[in-house]
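FYI, it's all coordinate maths here, none of it is from the lab. Just so we're clear, the structure is a prediction, and the values are computed from it rather than from any experiment. Methodologically, a virtual Cβ is constructed for each residue, glycine included, from the backbone with ideal geometry; neighbour enumeration extends over all protein chains shown.
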Amino acid sequence: MAINQDVIMQKVQRFGGAMFTPVLLFSFFGIMVALSILSKNPDIVGSLAHKGTLWYDFWFIVEQGAWTVFSQMPLLFVIALPIGLAQKNHARACMESFVIYIVFNYYVSAMLTLWGPEFGVDFTKAAVSGSGLAMIANIKTLDFGMLGAIFIAAITVYLHNRFFDVNLPDFLGVFKGSSLVVIVGFFAMLPVAYLFCLVWPHIQMGIASLQEFLKLSGVFGVWLYTFLERILIPTGLHHFIYTPFIFGPAVVDGGIKQYFFQHLNEFSTTAHSLKEMFPQGGFALHGSSKMFGSIGIALAMYVTAKPAKKKAIAGLLIPATLTALLCGITEPLEFTFLFVAPLLFAVHAVLAATLAAVSYSFGVVGDFGSGLIENAVLNWIPLFKYHMSTYIIQFIIGFIFTGIYFVTFRFLILHFDFKTPGRTDEEEDRLYTKADYKAKQAIAAGFDLDERDRKAAAFLAALGGKENIEEVTNCATRLRVTVKNGKLVQDTKVFVEGGAHGLVCKGNAVQVIVGLSVPQVRERFEALLITTPQDMDAQGNRNKSATLKAFVSGQVIPMTEVKDEMFSQKMMGDGVAIWPDNQVVTAPADGEITMVTGQSGHAIGMKLKNGLEILLHVGLDTVNMSGEGFTVFVEPGQKVQAGTELVRFDRKRIEEKGYSPVVIMAVTNFDQYPMLSFYSGVRAEANKTVVATY
């Protein structure tokens with residue numbers, strides 16, 4: 001059976017986005033753990049840190065709360081994953097996942113109590129670190145870590161999607177919905193628990209061997225790990241590289257982050273080599289390029305920009321660089337050059353890996369996966385007293401690589417004439433989007449909209465409209481969407497005009513690079529997918545007039561590029577034009593024919609149910625053809641549906657007469673629709689591609 005790569009990519013994309021839901025909590029809780037430990041350190045706060053003081057007691061209490069997500073990581077993942085993976089009723093799926101996971105652990109505990117020696121497990125040992133056992137919700141069980149939680153959550157999501165909506169007879173109604181899912185899960189966990197008891201002890205031994213191998217891999221292991229983490233960012237699969245290391249058992253039980261926090265107090269009170277105490281910390285240096293490399297990249301793009309554009313480019317680069325430097329979110333900066341110069345991104349991955357490897361070889365380790373703020377609180381401030389020399393070395397190496405980044409990127413940009421921001425021949429490098437203009441109109445009209453509303457609406461239209469959306473999730477910076485037909489997704493330029501930093505499209509799996517506001521954009525995006533009363537006609541059917549579809553197949557261009565001032569200056573209204581591939585003009589939406597030009601038949605007027613007035617105009621100056629080559633299929637007063645054939649034209653005859661065959665759609669009363677947006681720069685398919693939304 002052939003493997004559908006698009007389907008696999010969609011599943012992987014959805015899973016990767018779901019994984020990031022709980023991860024977003026770690027930064028805050030990590031900072032609070034570090035601050036608590038810092039505030040109890042006598043070397044920093046003096047006698048305030050002595051036990052029994054109110055200061056110490058306060059920070060002791062805060063620290064216990066700050067350990068929540070790290071001490072209960074399996075529970076966190078088993079509850080959070082269904083938020084991104086369940087197809088519906090996400091909150092109920094979270095409850096089901098929690099209950100089924102607890103049932104699973106009770107089963108494992110009972111089986112090991114009875115048959116521990118048969119499974120090769122000494123269940124009489126205390127559940128402490130390194131024992132292979134753990135306490136989950138006060139249940140003594142095998143230490144499955146995050147991996148076991150993810151597996152059980154995935155099973156639960158499958159059961160939820162499969163059984164939640166199953167209809168049962170009325171007398172069994174109490175067992176519908178979540179009850180049925182949990183019932184099925186209750187019995188399904190029996191063989192699953194037995195299988196885990198049989199297999200997991202061997203997996204634990206394999207993980208221990210892997211940890212030892214990776215620790216011994218040294219500098220090369222750090223280089224390879226960092227290279228893969230960076231080079232996979234465009235695909236969104238980098239989560240699968242760093243998650244097993246940072247939050248899983250790849251190099252240390254519980255993950256690097258948890259281990260580092262647990263030993264932070266020890267590291268902060270001794271001058272012993274950090275690398276000797278924490279060799280696994282080399283696999284958490286992948287954030288070094290975020291602090292040092294991003295500065296060199298931005299400077300290179302600024303220096304190589306055209307002089308007239310440098311001010312505008314600075315406005316683009318400064319916020320993107322600060323986001324990478326301070327927060328560790330690099331996509332806004334990286335996606336400014338990724339698609340125009342993939343070679344630069346490959347070089348970036350090599351340099352990032354080399355920076356991490358060189359730093360590690362000079363003894364730099366720690367939790368450096370994020371940006372300046374988190375790195376300072378978790379590493380430099382608490383450890384600086386005894387490890388000052390290590391961090392001085394880190395900064396020296398880092399700034400050397402800033403220079404290497406700058407020189408390398410500048411040379412490559414100039415040598416290959418890469419069209420990075422500020423080097424294109426276009427008149428502007430965008431600081432404001434079309435959405436900004438629409439927003440001003442909307443505000444003037446009394447609409448309460450913010451930037452995230454505008455982005456959500458623009459992205460939905462560019463993805464082919466709500467009818468083309470299968471499912472949507474997000475990670476830290478990306479809106480991850482599975483569409484029904486990838487051919488309806490417009491090109492990167494349209495998304496950038498809508499406020500995105502970039503686009504990754506693999507078949508029906510689409511990633512819109514939004515930035516740190518992606519959770520709020522997703523919320524508004526999902527709200528747009530919900531059918532509202534305004535989306536329904538009098539008969540209760542979905543009203544599709546919220547979008548205008550392509551009225552002919554071909555290349556879509558903005559109205560301003562039409563070679564006729566009546567249209568390019570928008571005297572006839574705002575809209576788009578299409579260089580036609582076929583010779584039939586169709587209705588872009590449901591409506592009524594209001595006008596057909598008499599003998600010539602080259603122009604047709606429409607009015608939609610909501611009052612939008614449209615002029616469809618075939619060719620320029622084709623009125624002079626007096627109807628030659630035109631066949632009109634409609635008449636004034638006739639009701640038509642989207643896709644109805646309106647007029648057939650002979651393109652060859654139009655061109656032989658010396659006229660342009662471009663087909664224009666102008667919304668004549670566009671000023672009454674402040675959220676009306678048009679989309680150009682794509683090849684449209686008649687009746688399918690969205691060319692406008694409002």
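Cα centroid separation, the stretch 144-183 to the stretch 348-413: 47 Å. The mean sequence separation of alpha-carbon pairs under 8 Å and at least six residues apart, normalised by the residue count of the stretch 257-416, gives a relative contact order of 39 percent.
Overall form of the stretch 40-199: oblate. Here a/c, set by the Cα gyration tensor axes a ≥ b ≥ c, is 1.5 or more, and a/b is not larger than b/c. All Cα-Cα separations within the stretch 16-86 were binned at 5 Å from zero, giving a P(r) of 3, 17, 21, 16, 13, 10, 8, 6, 4, 1, 0, each value a whole percent of the pairs. Scanning residues 5 or more positions from residue 136 or on other chains, those with amide H under 5 Å from its amide H are 141, with H placed 1.01 Å from N in the peptide plane. Amide H contacts for residue 506 (H built 1.01 Å from N in the peptide plane; partners 5 or more residues away or on another chain; cut-off under 5 Å): 511. Take each peptide in 310-322, 280-292, count the other Cβ atoms within 10 Å of every residue, and average; sorted highest first, the result is 280-292, 310-322. The overall shape of the stretch 545-693 is rounded: from the C-alpha gyration tensor, with semi-axes ordered a ≥ b ≥ c, the ratio a/c is less than 1.5.
Using the Cβ-Cβ distance between residue 195 and residue 672 with R0 set to 51 Å, the FRET efficiency works out to roughly 0.20.
When you restrict to C-alpha pairs under 8 Å that are six or more residues apart and normalise by the size of the chain, the relative contact order lands at 11 percent. Gap in Å between the Cα centre of the stretch 627-694 and the Cα centre of the stretch 24-69? Centre-to-centre distance over Cα atoms comes out at 66 Å. Distance between the modelled labels on residue 523 and residue 624, one decimal in nanometres: 5.8 nm (7 Å Cα→Cβ projection). Relative to the longest principal axis of the Cα atoms of the chain, helix 26-39 runs at roughly 40 degrees.
Rounded to the nearest 500, the 222 nm mean residue ellipticity of the chain from helices alone is -15000 deg cm²/dmol, with -39,500 (n - 2.57) taken per DSSP H run of at least 4 residues. Kindly express, to the nearest 10 degrees and within the range 0 to 90, the angle between helix 73-85's C-alpha long axis and the longest C-alpha principal axis of the chain. Around 10 degrees separate the two axes. Working note: Karplus 6.51/-1.76/1.60 with θ = phi - 60° gives the stretch 570-582 the couplings 6, 5, 8, x, 9, x, 9, 9, 10, 6, x, 9, 10 Hz, where Gly and Pro are set to x. With θ taken as phi - 60° and the Karplus curve 6.51 cos²θ - 1.76 cosθ + 1.60 applied, the whole-hertz 3J(HN,Hα) list for the stretch 649-661 is 9, 9, 4, 4, 5, 4, 5, 5, 7, x, 10, 7, x Hz, x standing for glycine and proline. Over the C-alpha trace of the stretch 257-416, radius of gyration and Dmax come out as 16.7, 54 angstrom. Under 29 Å of direct C-alpha separation, and excluding same-chain neighbours fewer than eight residues apart, residue 176 reaches these lysines: 11, 88.
Across all directions, the shadow cast by the convex hull of the chain built on its C-alpha atoms averages 38.5 square nanometres. Between the amide H of residue 575 and those of 559, 667, distances stay under 5 Å, these residues lying 5 or more places away or on another chain, with hydrogens modeled in the peptide plane. Each Cα pair under 8 Å and six or more residues apart adds its separation to the average, and for the stretch 202-268 the resulting relative contact order is 25 percent. Taking the longest Cα principal axis of the chain as reference, the axis of helix 310-322 is set at about 40 degrees.
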